[in-house]
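Got a structure here, written out as structure tokens. Questions coming.
Here, each number is a calculation from the coordinates, and none is a lab measurement. Just so we're clear, the structure is a prediction, and the values are computed from it rather than from any experiment. Glycine gets a Cβ as well: all are built from the backbone with ideal geometry, and neighbour counts include every protein chain shown.
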Amino acid sequence: MKYQITLVKSLIGRKPNQIATAKALGLTKIGSSVVKEENEAIKGQILTIAHLVKVVEIEK
């Protein structure tokens, strides 16, 4: 399974670890999206910035 992760809120004024997590996922601008494979590391990153992103599960 894969996740499509879209940044829906701004990173301005967020904690440094949240900004770093978004950038590590490849999310830099509002509306930018990435598709990532499901694994424990990605799930942890999504939980860290869950209030900033929209996640859609993509069936393979």
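Within the range 34-48, take every residue that is of a type outside the set (S, T, Y) and out of contact with any strand residue (DSSP E or B) (no Cβ under 7 Å at 6 or more places or on another chain) and give me the one that is farthest from N17 (Cα to Cα).
N39
For the range 32-51, name all the residues that are in contact (Cβ under 8 Å) with a residue 40 or more places away in the chain and either surrounded by 13 or more Cβ atoms within 10 Å (Cβ to Cβ) or aromatic (F, W, Y) (or both).
Listed by number, the list holds a single entry, I46.
Here are K29, K54, K23: which of them is exposed (fewer than 13 other Cβ atoms within 10 Å of the Cβ) and either assigned to a helix (DSSP H, G or I) or without any contact (Cβ under 8 Å) to a residue 12 or more places away in the chain (or both)?
K23
Assuming Q18 fulfils every condition listed in (1) exposed (fewer than 13 other Cβ atoms within 10 Å of the Cβ); (2) touching a residue at least 12 places away in the same chain (Cβ under 8 Å); (3) not β-branched (V, I, T) apart from one, which condition is it?
Evaluating Q18 over (1) exposed (fewer than 13 other Cβ atoms within 10 Å of the Cβ); (2) touching a residue at least 12 places away in the same chain (Cβ under 8 Å); (3) not β-branched (V, I, T) leaves (1) as the failure.
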